[in-house]
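The values are calculated or read from the model by the stated rules, or taken from the named source; none is laboratory data. Note that the structure is predicted; figures quoted are calculated from it, not measured. Because the Cβ atoms are built from the backbone with ideal geometry, glycine has one as well, and the counts that use them run over all protein chains shown.
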Amino acid sequence: MNNGKMRRPGGPGGPGGHGRPKAKKGTFKRVLKCLFEDYKGMLIVKYVLIAVFALVSVAPAIYINQMVRIMNDGLDLIRKQGMTPADALEKMMPIILTSVGIMLCIYVIGLLAAFFHTRLGAIITQGFLYTMRRRMFNHMQSLPVKYFDTHNHGDVMSHYTNDIDTLRQLVSQSLPAMFQSILTVVVLFAVMLSYSLWLTLVVIVGVIAMSFVTKFIGGNSAKYFMKQQRSIGRTEGFVEEMMNGQKVIKVFCHEEQSKKDFDEINGQLCDDATKANRFANIMMPIMGNIGNVLYVLTAFVGGAVVISGIFNPSLAGIFTGETVLDVAIVAAFMGMTRQFTQQISQLSQQTNSIIMALAGADRIFTMLDEEPEADEGYVTLVNAREVDGEIVEVPEHTGMWAWKHPHKAEGTVTYTKMQGDIVFDNVDFSYDGEKLVLEDIRLYAEPGQKVALVGATGAGKTTITNLINRFYDLADGKVRYDGININKIKKDDLRRSLGVVLQDVSLFTGTVMENLRYGRLDATDEDCIAAAKLANADGFIRMLPDGYNTMLTGGGAGLSQGQRQLISIARAAVADPPVMILDEATSSIDTMTEEIVQKGMDALMKGRTVFVIAHRLSTVKNSDVIMVLDHGRIIERGSHDKLIAERGTYYKLYTGAFELE
Ligand SMILES: Nc1ncnc2c1ncn2[C@@H]1O[C@H](COP(=O)(O)OP(=O)(O)OP(=O)(O)O)[C@@H](O)[C@H]1O
Ligand SMILES: [Mg+2]
């Protein structure tokens, strides 16, 4: 196989590195390792059965040798011993019947072997794919937000459909076929050598010609199979993007342009696939023709050797002392030559689908090798109760939470009451490691305080909340939660303690109730309804066709933007966390509803530390502290009245907004 030509699929974000000649070898090993991990026993049985089947398939060639010999013996009886044909037939009958019987038995064994190995194959293949998909999905769930920022979603999707399919091909067809072919070739070769060195040499010359062709053609196609796999990913990515952006495409009359773009991507795919398959498809006819030439050549050389009676070296000859070639052997050889070339061309064909599978597997492994979101946190969140002024951990839900902080060095554990006090200590942050998005952010939110972040679009408001969530890690500085560096807190527990209403609302396919329960899986229906009431979502939910049992599909397509936001607020309320982050939670709600929602939110915010982000400054007016961000820096801070009195940026923003309203 041609290793030097492999290239890493340079999907978006994945550096199109080169110089990975070992990729394929490593990938192949890895696929086998994954396969063997779960199906060792079954695989062994399957491949033993395939071996049986392969051996059985060699039998007819040997059988022909036998039959020709029997015929020869029969003819000898008539010619040399003067028997009548009827007598000769009668005499030979038991031998003929025995050999037919043996052959039948062998075929039945072959049939059974084929039956069971294909059955096992289905179980192994589907099970393997199930495990791989599961592994991919589980890994995907562990990947940091950054991965999804930098990878085309459709391309990621194509790992699950198209790349996985190449693995199916590999495990269910290519590998067994390879194994069977190799085994058959080896056995045939041994049998051939045992019959005649001269004729074996003829076949070897043919095989050399064939492998030359395979290398010449197959070597090229590896490159195109990799490209094909990548192009399929791109096509799927594009289609997905266009589907999501359908409305935008329509309003900007972008249909023609997107058709053109698609034509280009589709054309590229067509091009790569054609090139890959042109090489693959040309293989069969060429191989077939070389096989035919070889067939004739064997017959010719065989005939010449038989007639000339020259010395015929063979393995069998060593034991039997036979030195000349006879017609029986030539007849057997003809069949074997045919089989031999068929197996070789099968091998070269499978090589192609193996190359394709490895291209797919490589993409899958690249994803599986993505660093999962690191979580070195060891401080956990536990249910707690105060006993004589001391915090103790209890198993049951008490409504009071504490941070459990083990100190390894001393072997002690301390508990800190969770209050929701959040401090940003000179925080710098950058998404790409170059351009600072936040600079020297200092911020203090006392428990129960409402902190508002305002500022122009792109100022870094959402980024601040992303850091509290630990979607991204800081470049410099610290964020403390109840005095604990959040890097020390287990991410799950950290996020459990935060209720978040994200700027872009995501709802999932399921009922409204199920979507609300996303906030806390053990919430009862009553909890969810209470939360919906709190967020003032109850009213419109009841108006839906099936109320709380209304099915939402495609990210809540049947709902208005504001309704989606209300559900998302209610969902955060279900979680009942001490800290809430509301990013533009009321941006799509009309001013009338906003007042109602505002009341709900005020109720929701009571007793919690809250970060609110809003462009509509009326929403943030009653915050305890307002931080005005500008290009990643906090330029003003203070209460509404203080900032208005200062007549700075906030004042301008506020009065500007005022004028607008
Ligand atoms: N995932 C990301 N990768 C790289 N850069 C990002 C990413 N998200 C945001 N940025 C950049 O960070 C800066 C701050 O973005 P952020 O989303 O925090 O703004 P914002 O204040 O929330 O704006 P808005 O009011 O429009 O929501 C912007 O310049 C933006 O280009
Ligand atoms: Mg934002």
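Within region 56-167, considering only helices (runs of 4 or more DSSP H) that don't extend past its boundaries, which have at least 1 residues that are over 41 Å from the mean Cα position of the chain (by Cα) and within 30 Å of Met192 (Cα to Cα)?
Fully inside region 56-167 and qualifying: 85-142.
Suppose we filter Leu582, Leu643, Leu629 for residues that are in contact (Cβ under 8 Å) with a residue 12 or more places away in the chain and in a helix (DSSP H, G or I); which single one remains?
Answer to the selection: Leu643.
Would you mention how many residues in region 73-123 are of a type in the set (S, T, N, Q) and farther than 28 Å from Val58 by Cα?
2
Using the structure shown, decide if Leu559 is in contact (Cβ under 8 Å) with a residue 40 or more places away in the chain and part of a loop (DSSP other than H, G, I, E, B).
The answer is yes for Leu559.
Can we say Asp583 is away from ligand 1 (no atom under 16 Å from the Cβ) and not aliphatic (A, V, I, L, M)?
In short, no.
Specify the residue that is nearest to ligand 2 (Cβ to nearest atom); the eligible residues are those in region 463-507 that are in contact with a Leu (Cβ under 7 Å, 6 or more places away or on another chain) and of a type in the set (S, T, N, Q).
By that ranking, first place goes to Thr463.
Hey, among the residues in region 484-506 that are under 28 Å from Leu544 (Cβ atoms) and not small (Gly, Ala, Ser), which one's surrounded by the most Cβ atoms within 10 Å (Cβ to Cβ)?
Ranking the candidates gives Val501 first.
Report the residue count in region 307-333 for those that are surrounded by fewer than 17 Cβ atoms within 10 Å (Cβ to Cβ) and in a helix (DSSP H, G or I).
8
Is at least one residue of region 18-26 surrounded by fewer than 17 Cβ atoms within 10 Å (Cβ to Cβ), within 26 Å of Asp362 (Cα to Cα), out of contact with any Asp or Glu (no Cβ under 6 Å at 6 or more places or on another chain) and at pLDDT 85 or above?
yes
Against the conditions (1) loosely packed, with under 13 Cβ neighbours inside 10 Å; (2) assigned by TED's automatic domain parsing to the domain that holds Asp165, where does Arg363 fall short? Just the number, please.
Only one criterion in (1) loosely packed, with under 13 Cβ neighbours inside 10 Å; (2) assigned by TED's automatic domain parsing to the domain that holds Asp165 is unmet by Arg363, namely (1).
Run Leu516 past the list (1) in contact with an Asp or Glu (Cβ under 7 Å, 6 or more places away or on another chain); (2) more than 24 Å from Val379 (Cα to Cα); (3) among the aliphatic types (A, V, I, L, M) and report the number of the one that doesn't hold.
Among (1) in contact with an Asp or Glu (Cβ under 7 Å, 6 or more places away or on another chain); (2) more than 24 Å from Val379 (Cα to Cα); (3) among the aliphatic types (A, V, I, L, M), Leu516 violates only (1).
Taking Lys652 as the residue in question, decide whether it is farther than 27 Å from Val437 by Cβ, away from ligand 1 (no atom under 16 Å from the Cβ) and among the charged types (D, E, K, R).
In short, no.
Just give me the residues in region 451-484 being within 15 Å of Leu653 (Cα to Cα) and hydrophobic (A, V, I, L, M, F, W, C), in sequence order.
Matches in region 451-484: Ala452, Leu453, Val454, Ala456, Ala459.
With the requirement that a residue be among the aliphatic types (A, V, I, L, M) and crowded, with 24+ Cβ neighbours inside 10 Å, what does region 573-592 give you?
Scanning region 573-592 gives Ala573, Val574, Met580, Ile581, Leu582, Ala585.
Of all residues in region 87-114 being surrounded by 13 or more Cβ atoms within 10 Å (Cβ to Cβ) and not aliphatic (A, V, I, L, M), which is nearest to Met67 (Cα to Cα)?
Filtering region 87-114 for residues that are surrounded by 13 or more Cβ atoms within 10 Å (Cβ to Cβ) and not aliphatic (A, V, I, L, M), the one nearest to Met67 (Cα to Cα) comes out as Ser99.
Might you check whether a residue that is under 16 Å from Thr586 (Cβ atoms) and either buried (at least 21 other Cβ atoms within 10 Å of the Cβ) or not basic (Lys, Arg) (or both) occurs anywhere in region 507-520?
Checked region 507-520: no residue is under 16 Å from Thr586 (Cβ atoms) and either buried (at least 21 other Cβ atoms within 10 Å of the Cβ) or not basic (Lys, Arg) (or both).
Give the residues of region 442-462 that are at negative phi, within 14 Å of ligand 2 (Cβ to nearest atom) and buried (at least 21 other Cβ atoms within 10 Å of the Cβ), sorted by residue number.
Within region 442-462, Ala452, Leu453, Val454, Ala459, Lys461 meet the criteria.
Just to be sure before I move on: is Ile204 free of Cβ contacts under 8 Å to residues at least 24 places away in the same chain and closer than 29 Å to Ala331 by Cβ in the structure I sent?
When the stated conditions are applied, Ile204 passes them.
Say whether the condition of being touching a helix residue (DSSP H, G or I) at 6+ places or on another chain (Cβ under 6 Å), modelled with pLDDT of 90 or more and within 13 Å of ligand 1 (Cβ to nearest atom) is met by at least one residue in region 482-504.
no
Among the candidates Asn536, Asn549, which residue alone is surrounded by fewer than 19 Cβ atoms within 10 Å (Cβ to Cβ) and not assigned by TED's automatic domain parsing to the domain that holds His397?
Only one candidate qualifies: Asn549.
Does Pro395 count as out of contact with any helix residue (DSSP H, G or I) (no Cβ under 6 Å at 6 or more places or on another chain) and modelled with pLDDT under 90?
yes
Which of the residues spanning region 299-333 are touching a residue at least 60 places away in the same chain (Cβ under 8 Å), of a type outside the set (Gly, Ala, Ser) and touching a Ser or Thr at 6+ places or on another chain (Cβ under 9 Å)?
Val305, Asn312, Pro313, Leu315, Leu325, Ile329, Val330, Phe333
Can you find a residue that is surrounded by fewer than 22 Cβ atoms within 10 Å (Cβ to Cβ), farther than 24 Å from Val610 by Cα and more than 16 Å from ligand 2 (Cβ to nearest atom) anywhere in region 414-429?
yes
Take the residues in region 415-440 that are among the β-branched types (Val, Ile, Thr) and in a strand (DSSP E or B); name whichever of them is farthest from ligand 1 (Cβ to nearest atom).
Thr416
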